[in-house]
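The structure appears below as structure tokens.
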Amino acid sequence: MRCSLVALCTLLLVACAPVGQQDTETDAAAIRAVLADFDALANAGNAAGIAELYAEDAIQMPPDAPSRVGRGAILASMEETFGANTLQLTSIADEIEVAGDLAFVRITWDEGITPKAGGDTEQMHGNWLVIFKRQADGSWKMWRDMWSVFELPEA
């Protein structure tokens, strides 16, 4: 009986132990790769590619607008954006925290938006918060996504 109790306690301690540092670093690197893909796909105007970075049940929460629920709604929004504009996006992951199968990423971004119909490029800056969810295949997908837009002070 005593051996079974010791074995059970050992099993519980191992199961509840935090994920090793190497696993967290590997997960953070995978998430950074998704964000780099996002920037590259946005700059290429690839709406379908961006949509694939999101989980099927993802929710995007843009500022001052209704939520976009599901990958299909996010794709439709991206297609509309890229149909009318050319983007030049640069984002920097300022913080990544992994907790099991979820991770949050705090990002700052800069973006130039140029209307395809002509006109000046609008420069935008903002903060972006993304919650990633590990998928059954081990990959990370964007699951919840919200951002803000602000003007930088004059230099």
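Placing +1 on each Lys and Arg Cβ and -1 on each Asp and Glu Cβ, with no other charges, gives the range 53-98 a dipole about its Cα centre of roughly 200 debye.
Of THR24, THR86, the residue with the largest accessible area leads and the full order is THR86, THR24 (1.4 Å probe). The Cα center of the range 42-78 and the Cα center of the range 111-155 differ in position by 11 Å.
Sorting SER67, SER91 on solvent-accessible area from highest to lowest, probe radius 1.4 Å, gives SER67, SER91.
Label separation (VAL149 vs ASN46): 2.5 nm, computed from points 7 Å beyond Cα along the C-beta direction. Along the range 31-46 the Karplus relation, 6.51 cos²θ - 1.76 cosθ + 1.60 evaluated at θ = phi - 60°, assigns HN-Hα couplings of 5, 4, 5, 5, 5, 5, 4, 4, 4, 4, 5, 5, 5, 8, x, 9 Hz to successive residues, with x for each Gly and Pro.
For GLY70, the residues 5 or more places off, or on other chains, whose built amide H falls under 5 Å of its own are ALA58, ILE59, GLN60.
Remark: spin-label model distance ASP110-GLN88 equals 1.0 nm, labels positioned 7 Å along the Cα→Cβ axis. Only protein heavy atoms count here; on that basis, with a 1.4 Å probe, MET146 has an accessible area of about 90 Å². The residues of the range 66-108 expose, per residue, 54 Å² of accessible area to a 1.4 Å probe.
Take GLU111: with every protein chain present and a 1.4 Å probe, its accessible area is about 30 Å². Of the residues PHE82, PHE104, the one with the largest accessible area comes first in the ranking PHE104, PHE82, computed with a 1.4 Å probe on protein heavy atoms. Accessible surface for TRP128 stands near 20 Å², nearest 10, in the context of the full protein assembly shown (1.4 Å probe).
The values are calculated or read from the model by the stated rules, or taken from the named source; none is laboratory data. Quick caveat, the model's predicted, so the values are computed rather than measured. Quick reminder, even Gly has a Cβ in these numbers, built from the backbone with ideal geometry, and neighbours come from all protein chains shown. Calculation scope for accessible area: heavy atoms of the full protein, side chains included, ligands and nucleic acids excluded. Shrake-Rupley method; radii C 1.70, N 1.55, O 1.52, S 1.80 Å.
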